[in-house]
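Data first, discussion second: the structure below is written as C-alpha cells.
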Amino acid sequence: MEVRMDGISVSRSGRELVRDLSLEVGSGQVVGLIGPNGSGKTTALRCVYRALKPTVGTVWLGGEDLATLPLRRSARSVAALTQEDGTDLDFTVEEIVALGRTPHLRGNQALSARERELCRGAMARLGVLHLAGRSVLTLSGGERRRVLAARMLVQEPQVLVLDEPTNHLDMRHQLDLLSLLRESGLTVLVTLHDLNLASAVCDRLGVLSRGELVASGTPAEVLTPRLIRDVFGVTASVVPHPLTGDPQLLYSLSSSADEKEPCP
Amino acid sequence: MVRSFPHPPHQGLRRPPPPAEPARPAGEGEPHRRMSPAATVAVAAGLVIALAVSVVAAIGIGSALIPPAETARYLWAALTGGTITADEVTTYQIIWQVRAPRVLLAAIVGAGLSVVGVAVQAMVRNALADPFVLGVSSGASVGAVTVSVFGVFTAFGVYAMSVGAFAGALLASVLVFAAAQGRTGLTPLRLVLTGVAVSFALQAVMSVIIYLAPDGEATGMVLYWTMGSFGAATWGSLPVVAAAVLLGTVVLRRHGRALDVMALGDEVSTSLGVDGARIRTRLFVLTSLLTGAMVAVSGAIGFVGLVMPHLVRLVVGAGHTRVLTIAPPVGAIFMVWVDLLSRTLVAPRELPVGVITALVGVPVFVILIRRKGYLFGGR
C-alpha cells in the first residue's frame, strides 16, 4: 500500500512547520526523512498517522484521501512508533503490546487465541518476551522502545511510520530493528538522525530543511558532501561502504562548516 | 525507483544477530498482577458480599447499637412486608428511615466517586486528578447552593438540586479545561494547578452565596457543601444518584480499552484508531453528570476519587476494564466505613465525611507526588 503526501503544508500559530511537501512512498519501499532539528520531519510524519491534519494538501493512502477515512480504518493500515509515548499507569508489557489490536477489536472484546499468539510472536521478534509480565514503568528507554515496536507489529499494518526508532537503542538493537523494517516488506516512512543508518536501510531519502523538501532520491543521489554542508552545516566525506557499497559519511570533530567557509 | 547499488544492498543490516538474551519464561520472578477475567469476577463477587455485610453492620451501629442479626431481621421485615411488634417501632424507624438510606447513599457515592476518579485519571493522563482536585466538585457545590439559596431551576421540581449541581460541574469542567489548554494541548501539571485554583475560587463563590442566604445556618451549609455528609439522606434522595452511578459505571466500563489507550496520550490513541479528543469530551459530560448527581445529595467529598483508583490498581494492575469492575465495590465499602466513623467518632455530633477522607487522602496525595519515577507534568 503506497503513501503519497501531496502538497501538504502545516501551519501552527502563524508559523509554517511544513511547506508544500510532496513525497511518495511506494508499496514496500523504505523511505527515510532526514534533516536538522526542527526541519519538519516529525510534523510530516504526524500527518501520516493522523495526529495532525495538514492545513493544505492531502495525504493519500493507497489511493484514498486519508482525511476521509474513519480513524479505526486507517489505524488498521498505518501503525506508528512515536517519540512521545508513555503513561504513568503501570501496565504490563504484555498489556501494552496487546493494545496494538485496538483498531481490530470492538470495545472490550477479548483477544482471540491467534491474536495472543501474534502478540507473543511480536514480543519474541523484538526480544522482549522475557519482559512480558513486567511493568512498563520499570523498563529502560531502549526496552520500552522495543515494546512499542512490538505493539506496532501486532497492529498488522501495511504502512509503518517511525519517528527516530533507533533512539535509546544500543547498536545491536538499532540494526535489529532496521533489519526488521527491511524484511517486513511493508511500506515504511522513517525519520533517522544517523545518516549512515539511513543510507543503509532506505531505498530513498527525502531531505527536509526549514519545512521544505530540498532533495529526494536514492541515498547515493542525496548524500553528497555539498548537500550535507548546505543542509546540516557540516563538512563530511562520503565513501562507499566496503561491503555493501552504500554511501557512508565520515566526519571529523572540527567539521562544522561555518568555521571553514569557504569550502572547496 | 531502482537503486544503483549492487544487490543485496542491505547486507550490513542482515548479519545474523548475536546470541539472543537468555529466554526466560514470561514474567519469571515478576509479580503477576494481571488477573484473569474469571478471577476478576470472583473477586468482585467476594467484594459485593463484603459490601452487603458492611452495610448491614453499619446500619446496626450507632447511638442505639443493634446486633447484625437483629438488623437483618428488621431489614427483612421492611423488604418483605413482615410484621414487628409495637415496641419495636422506634428501632425499626431508626433502621429503616434513618440509617438504611444513609448507609446505602454512602455506598452508592463511594462507588461513584471511585469510578469517576478512575476515568478522569485516564482521560487527563494524570495520577493526581479527580473531580475534587479539578474543581468539578466545587462547581457542582456552587450549582447546588445556588439552587437552594436563590431557588432557581424550580421547573425541575425535586430534581432542581441535581440539575443545578450538574450544570455547575459541567461549567467548572469547561472552565478548567479552557484555562489549562495551551498551544500544545493539555499538560498534566497545568491542568492540576488550574483545577486547584478554580476549586478555591468556586469555594469562595459558594461561601459568599451562603453568607448572603437569609437563614442563619451558614456554617453548617458551608461545611456540608465543602466537606460532604450523608446526614441528609432519605429514601427519596437515592433513585437519581443510584441510577446515575449505575449508568455511569456501565458506560465507563464499556470504554475500558479506550481508556487504556487514552492513558497513553492522544498521539498514540490516534495511531491506534481511538479519537481521544472526542471520547474525552463525551466522557467529561458523563463524569460531570455523575459528579453533579453525587454532590447534590452528599456535598463535595474529596480524595476518594483520588485514592481508590490507586488502591485498586495496586492489586489488579492498570487495565481499566478490570479496575472499573473492582473499584465500585471497594469504594462503596470504604465509604460505608468512613461514614460510620464520621457519625460515631465524636457522637452525638458528626464529623464531615471529607475530614476523614482527607486524613486518608492527603498522605496518599503526597506519596504520589514524591513517588520515584512519577513525572509530575514531565510531559
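Here are some notes:
- Helix-only mean residue ellipticity at 222 nm for chain A, each DSSP H run of n ≥ 4 adding -39500 (n - 2.57), per residue, nearest 500: -8000 deg cm²/dmol
- Antiparallel bridge percentage (DSSP; both residues within chain A; nearest 5): 60 percent
- Semi-axis lengths, Å, chain B, gyration tensor of Cα atoms, sqrt of 5 times eigenvalues: 44, 27, 17
- Sparsely packed loop sites in the stretch A:65-167 (the GluC sites (Glu not before Pro) outside DSSP H, G, I, E and B with at most 15 other Cβ atoms within 10 Å) comprise A:E84.
- With at most 16 other Cβ atoms within 10 Å, longest stretch of chain B clear of loop GluC sites (Glu not before Pro) (DSSP): B:29-216
- Listed from fewest to most Cβ neighbours within 10 Å, the set A:L23, A:L99 follows the order A:L23, A:L99.
- Proximal charge balance of B:A44 [Cβ under 14 Å; K/R count +1, D/E count -1]: +2
- Chain B: most fluctuating residue of B:M221, B:M294, B:M123 per GNM, C-alpha cutoff 10 Å: B:M221
- Using only Cα coordinates, the Kirkwood hydrodynamic radius of the stretch B:68-199 works out to 17.7 Å.
- Nonlocal amide H pairs with A:R12, under 5 Å, H built at 1.01 Å: A:L17
- Within-12-Å neighbourhood charge of B:I94 [Cβ basis; K, R +1; D, E -1]: 0
- Sequentially through the stretch B:283-290, phi angles give Karplus couplings (6.51, -1.76, 1.60; θ = phi - 60°) of 6, 5, 4, 5, 5, 5, 4, 4 Hz, Gly and Pro residues having no value and appearing as x.
- For the protein assembly as shown, pairs of C-alpha atoms spaced more than 40 angstrom apart make up 40 percent of the total.
- Under the combined filter of DSSP loop state and at most 13 neighbouring Cβ atoms within 10 Å, the stretch A:106-168 retains these trypsin sites (Lys or Arg not before Pro): A:R106.
- Of the chymotrypsin sites (Phe, Trp or Tyr not before Pro) in the stretch B:107-205, those whose Cβ has at most 14 other Cβ within 10 Å and which sit in DSSP loop: none
- Max mean-square fluctuation residue, GNM over chain B, Cα-Cα springs under 10 Å, options B:R280, B:R254, B:R349: B:R349
- For the stretch B:255-322: rounded, prolate or oblate by the Cα gyration tensor [a/c cutoff 1.5]: oblate
- A helix-only calculation puts chain B at -21500 deg cm²/dmol for mean residue ellipticity at 222 nm, using -39500 (n - 2.57) for each DSSP H run of at least four residues, averaged over all residues.
- Footprinting exposure proxy for A:L52, A:L33 (fewest neighbouring C-beta atoms within 10 Å first): A:L52, A:L33
- Here the stretch A:3-223 is treated as a Stokes sphere of Kirkwood radius computed over C-alpha pairs; at 25 °C and 0.890 mPa s its diffusion coefficient rounds to 138 µm²/s.
- Cα gyration tensor, the stretch A:1-56 - rounded (a/c under 1.5), prolate or oblate: prolate
None of the figures in this text is laboratory data; all of them are computed from the coordinates on show. Note that the structure is a prediction, hence the values are computed from the model and not measured. Here the Cβ is made from the backbone with ideal geometry for all residues, glycine too, and neighbour counts use every protein chain on show.
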